[in-house]
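The values are calculated or read from the model by the stated rules, or taken from the named source; none is laboratory data. Keep in mind it's a predicted model, so treat the numbers as computed, not measured. All Cβ positions, even for glycine, are placed from backbone atoms using ideal geometry, and neighbour counts span all protein chains on display.
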Amino acid sequence: MYKNIDIMGYSVFTDNLSSIKLNDKKQIINTINPHSFVVAKDDEVFYKALNNSDTLLPDGSGIILASKILKNKKIKKIAGANLHQHLLELLNNINGKVFYMGASQDTLNIIKQKIFKEYPNIRIDSYSPPFKDTFSENENSEIIERINRFTPDVLFIGMTAPKQEKWLYKNRDKLNFKIASSIGAVFDFYANKIVRPSNFWINMHLEWLPRFFKEPRRLWRRNFISTPLFLLEILKYSVKMK
């Protein structure tokens, strides 16, 4: 049984990634950060997708801060990139199968080449879905059929939040996998389309800063609207607890 802690209504993982194993039980692993917390407050399906995850990783310094302030418990940040590496190592040890759904075909081709070199025992397949907000019934059926034909041990979905989490939540029962995880930007990180900030920034809990300077138009809302709103939520919960 994984170790978890309740943080403002979410059961957040506090264990080590080594405790996450492949087994016959279908598992969904998602991540939560201040931005997703704030977005989910106004998006019922996204809230359900996060709250019904089998494992919810603390992928954000704000979640770490909330745990410290509200529960007086120090937990470690676990990013989607950390989970990605952990699961690939597991798969390589058992000659497992991984499916990447999302991103461009060029990104998927680069990922395949890297997997072949770095994890030669892994069998891999992928699919780049249409770039649109909502899939048609036929498009959705095509995605599901391609995944199920391959029957992956691990399914990675990279379509940005909250689309990826909501899609997985709605289609969970139609899909064949052992572990499925929505890891968004990790597809681009692994393909070196976007360079993840160095460990210096990560260890300083400032990973968001260099990413913001590179993509200000995309990230300004989460850093300058969602983060203050999340801090306000921490304040509200701390007052309730007194």
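The set of residues in segment 145-180 that are in a loop (DSSP other than H, G, I, E, B) and closer than 22 Å to Asp42 by Cβ comprises Met159, Thr160, Ala161, Pro162. Quick one: in segment 136-175, which of the residues that are charged (D, E, K, R) and touching a strand residue (DSSP E or B) at 6+ places or on another chain (Cβ under 6 Å) is surrounded by the most Cβ atoms within 10 Å (Cβ to Cβ)? Across segment 136-175, the extreme among qualifying residues is Glu165. Of all residues in segment 39-48, none satisfies being under 25 Å from Lys97 (Cα atoms) and surrounded by fewer than 22 Cβ atoms within 10 Å (Cβ to Cβ). Only one entry of Ser128, Ser141 meets the criterion of being within 20 Å of the chain's Cα centre (by Cα) and under 22 Å from Lys170 (Cα atoms), and that entry is Ser128. Within segment 78-105, residues that are within 21 Å of Leu56 (Cβ to Cβ) have Cβ atoms under 8 Å from residues that are among the small types (Gly, Ala, Ser) and part of a loop (DSSP other than H, G, I, E, B) in these pairs: Gly80/Gly184; Gly80/Ala185; Leu90/Gly96; Gly102/Ser128, counting only partners at least 6 apart in sequence or on another chain. Just one of the listed residues (Ser136, Ser126, Ser141) is out of contact with any Ser or Thr (no Cβ under 6 Å at 6 or more places or on another chain), touching a residue at least 12 places away in the same chain (Cβ under 8 Å) and among the small types (Gly, Ala, Ser), and it is Ser126.
Check whether at least one residue in segment 120-131 is at pLDDT 95 or above, part of a helix (DSSP H, G or I) and among the hydroxyl-bearing types (Ser, Thr, Tyr), and report yes or no. The answer is no; no qualifying residue exists. Which of (1) over 23 Å from Leu229 (Cα atoms); (2) buried (at least 17 other Cβ atoms within 10 Å of the Cβ) is the odd one out, the single condition Ala66 does not satisfy? It fails just one condition, (1). Looking only at residues of segment 144-180 that are within 18 Å of the chain's Cα centre (by Cα) and of a type in the set (Ser, Thr, Tyr), we find that the one that is modelled with the lowest pLDDT is Thr160.
Scanning segment 45-101 for residues that are closer than 19 Å to Tyr119 by Cα and polar (S, T, N, Q), we see that the one that is nearest to the chain's Cα centre (by Cα) is Asn82. Here is the figure for segment 52-69: residues that are within 19 Å of Met159 (Cα to Cα) and part of a helix (DSSP H, G or I) total 0.
Annotation note: of Asn109, Asn51, Asn93, the sole residue that is exposed (fewer than 15 other Cβ atoms within 10 Å of the Cβ), under 23 Å from Ser19 (Cβ atoms) and of a type outside the set (D, E, K, R) is Asn93. Among residues of segment 213-241 that are at pLDDT 70 or above, those with a beta-carbon under 6 Å from a residue that is not aliphatic (A, V, I, L, M) at least six positions away or on a different chain give the pairs Ser226/Pro34; Ser226/His35; Thr227/Pro34; Phe230/Pro34; Phe230/Phe37; Phe230/Gly62. Screening Met101 with (1) modelled with pLDDT of 95 or more; (2) aliphatic (A, V, I, L, M); (3) surrounded by fewer than 21 Cβ atoms within 10 Å (Cβ to Cβ) gives one miss only, at (3).
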